[in-house]
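> One structure is given below, represented as structure tokens, and several questions about it will come after.
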């Protein structure tokens, strides 16, 4: 009879261990699912940030090009200014 008690006790411990293992596995799988969802959300945010970065870079480049064109125009105007002043005051080189 003592052998049966021991076997019953071991069987009970084994059942408890199996139940705990199943519980732990279920918790692990749930955590994995949560992490996968979080990573998916972060991936979406990363794509959105990349789109915003590209938009901002394009806007910066367009603004830079406008400023550069304006500076080139001003440069030409400044180079032509002495001659325009000469013509305005009627100066003619000999």
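> Taking the criterion of being surrounded by 10 or more Cβ atoms within 10 Å (Cβ to Cβ), touching a helix residue (DSSP H, G or I) at 6+ places or on another chain (Cβ under 9 Å) and assigned to a helix (DSSP H, G or I), would at least one residue in the range 61-82 satisfy it?
Scanning the range 61-82 turns up at least one residue that is surrounded by 10 or more Cβ atoms within 10 Å (Cβ to Cβ), touching a helix residue (DSSP H, G or I) at 6+ places or on another chain (Cβ under 9 Å) and assigned to a helix (DSSP H, G or I).
> If you check residue 49 against the conditions, is it in a helix (DSSP H, G or I), at pLDDT 95 or above, within 22 Å of the chain's Cα centre (by Cα) and on the phi < 0 side of the Ramachandran plot?
Spelling it out, residue 49 is indeed in a helix (DSSP H, G or I), at pLDDT 95 or above, within 22 Å of the chain's Cα centre (by Cα) and on the phi < 0 side of the Ramachandran plot.
> Taking the stated definitions as given, is residue 18 modelled with pLDDT of 95 or more and in contact with a helix residue (DSSP H, G or I) (Cβ under 9 Å, 6 or more places away or on another chain)?
So residue 18 fails the test.
> Criterion first (modelled with pLDDT under 95 and out of contact with any helix residue (DSSP H, G or I) (no Cβ under 8 Å at 6 or more places or on another chain)) does residue 38 satisfy it?
no
The values are calculated or read from the model by the stated rules, or taken from the named source; none is laboratory data. These figures come from a predicted structure and were not determined experimentally. All Cβ positions, glycine included, derive from the backbone under ideal geometry; neighbour counts span all protein chains shown.
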